[in-house]
Structure formats: structure tokens, C-alpha cells
Amino acid sequence: MAKQGAKLDWPSRYQQLLKLSKQPLIQEFYISAINDLSMPISDVPMVALDFETTGLNFDGDDIVSVGLVPFNSKRIFCKYSKHWIVHPRQKLAEESIVIHGITHSEVSEAPDFSSIMEPLLAALKGKVIVVHFAPIERHFLYQALQARLGEGLEFAVIDTLDLETRALKAKQGLLGRLFNSKLDSVRLADSRIRYSLPAYQNHNALNDAIATAELLQAQLAYHYRSDTPLGELLI
């Protein structure tokens with residue numbers, strides 16, 4: 001799997017991954033990937049993605065719920081949003097229940113992640129994936145597919161946490177960095193406050209996906225031109 005934060009040549013990487021892939025579901029994702037990094041961000045179809053999990057150990061924990069919503073720089077298409085609760089392979093920890101509110105009884109009646117792989121990847125195809133803190137969605141999706149298909153998925157993202165960090169560092173300036181001035185919080189809820197976006201219930205996968213989509217729209221409006229190339233935002 002590509003290292004988090006590495007600035008990859010994603011079009012080339014997708015071609016490499018396609019040649020190596022043996023799973024039709026994953027092959028279709030790579031075939032449909034957007035490869036024109038010069039595309040203006042105003043023209044890019046996107047999908048915000050969020051997971052709730054049993055914990056934060058990428059290798060030992062599992063996905064409990066998935067939320068996603070397609071959008072672009074101007075509109076969010078809530079009509080086509082998706083929210084799934086799935087049965088994790090690991091037992092729910094009590095501390096994770098406190099965070100996301102999904103109970104033992106809910107997951108005991110939920111299907112395995114394998115049942116949503118096809119509609120999930122179909123919803124991601126042909127769009128740029130947008131997340132807040134890329135390691136969660138990248139690693140958990142990779143591991144969930146690896147465990148069930150024997151093959152993981154790699155993908156480029158626009159990470160709103162990364163964009164917010166960039167914006168805060170630009171505002172801080174060289175002197176602030178030289179004197180190690182502490183950056184403001186880049187948590188999803190705290191980042192939204194800076195753009196006067198409303199508070200939502202945190203740690204619901206669909207709520208957080210919509211909140212991430214709204215945050216990116218605000219970041220683009222405040223910090224970027226409509227013709228900013230996609231490649232400047234991807235990681």
C-alpha cells in the first residue's frame with residue numbers, strides 16, 4: 001500500500017494497480033478513476049466518505065458503519081447519499097460505543113461488510129474521494145477488502161484535514177513556524193467553526209460525510225480558485 005502523505009503520480013499508480021488486480025470489483029474502480037490532474041476542481045465529481053470503526057488499530061479493528069454522499073464544488077446530492085451499518089469481525093469495545101452510538105444489538109443484526117462491497121465501490125467509481133484524515137478511510141477500506149477479497153484498494157483523496165493544515169500554516173506565516181506557534185485544531189468540528197458552518201452530531205458516518213463535503217466546499221470558496229487543478233489538492 002502506498003505510504004500516507006506521499007505525493008504519488010496517481011494516474012500511473014492506477015495503471016500499475018490495474019495490471020496487478022485480480023478482482024473485477026477493484027479493477028472497475030481503477031478503470032473508472034479520474035486521471036486528468038489538470039481538471040479544474042469546479043468540474044470534478046466527488047464523494048465524501050466516512051467510516052465508524054471498532055477502534056483505531058488499522059490491523060486489528062474493523063468497520064462498523066459507512067457513510068457517503070456525492071457532491072461537487074457547488075452542490076451536495078443528499079438524495080444519493082448512503083449509510084450502512086455492518087457487522088464487524090471484532091467485538092465492539094465499550095469505548096467505541098460511547099463515541100459512535102452503534103450498539104451490540106444493531107451490529108448483531110447487521111450484515112457483514114462483504115454485502116456492501118459492490119454498492120460501496122459502485123458509489124465511489126468515477127469520483128474523487130474526499131475524507132477528513134485520510135489514514136482512517138484508506139487503511140480501513142484496504143484492510144476490509146483484503147480480508148474478504150484477498151486484495152486491498154488504493155486510492156487518491158482530497159483530505160480536508162490536510163487542506164485545513166495547509167491553510168492554517170499559510171496564515172501562521174514563516175515567523176510563526178520559526179517560533180513553533182501552535183496551530184489551531186484541525187478536527188472536523190473545529191475546522192467547520194472557522195467557516196461558520198453549523199454544528200452536527202459527530203461520529204455518525206453519514207453526518208460526518210456530509211460535514212466533510214460542506215467543509216471542502218467552504219475551503220475551496222475561501223482558499224482556492226474555481227480553476228485550481230485537481231492535482232494540487234490530491235494526496
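The values are calculated or read from the model by the stated rules, or taken from the named source; none is laboratory data. These numbers were taken from a predicted model, which means no experiment stands behind them. So basically every Cβ, Gly included, is an ideal-geometry build from the backbone, and we count neighbours across all protein chains shown. Ligands, DNA and RNA are excluded from the accessible area calculation, which covers all protein heavy atoms including side chains. Shrake-Rupley method; radii C 1.70, N 1.55, O 1.52, S 1.80 Å.
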(request) Over the chain, average the accessible area per residue using a 1.4 Å probe and give it in Å², no decimals. (result) 50
(request) Could you point to the label whose value was computed as percent of Cα pairs over 30 Å apart for the structure here, given [x] 25; [y] 45; [z] 63? (result) [x]
(request) Describe numerically, in nm with one decimal, the distance between label points set 7 Å from Cα along Cα→Cβ at ASP9 and at ASN207. (result) 4.4
(request) Keeping the other protein chains in place, figure out the carbon and sulfur percent of the accessible area of the chain, with a 1.4 Å probe. (result) 54
(message) Can you show me the helix-derived [θ] at 222 nm for the chain, built from DSSP H runs with n ≥ 4 at -39,500 (n - 2.57) apiece and divided by the number of residues, rounded to the nearest 500.
(response) -13000 deg cm²/dmol
(request) Please give, to one decimal in nm, the separation of the simple spin-label points placed at LYS125 and SER196, each 7 Å out from Cα toward the Cβ. (result) 4.2
(request) Enter the Cα centre distance for the pair the stretch 110-172 and the stretch 1-80, rounded to the nearest angstrom. (result) 5
(message) Tell me the Rg and the Dmax, in Å, that the Cα atoms of the stretch 1-83 produce.
(response) 15.4, 39
(request) Could you rank the peptides 112-119, 225-232 by their average count of other C-beta atoms within 10 Å per residue, with the highest value first? (result) 112-119, 225-232
(message) If packing is taken as the average number of other Cβ atoms within 10 Å across a peptide's residues, how do 125-133, 7-15 rank, most packed first?
(response) 125-133, 7-15
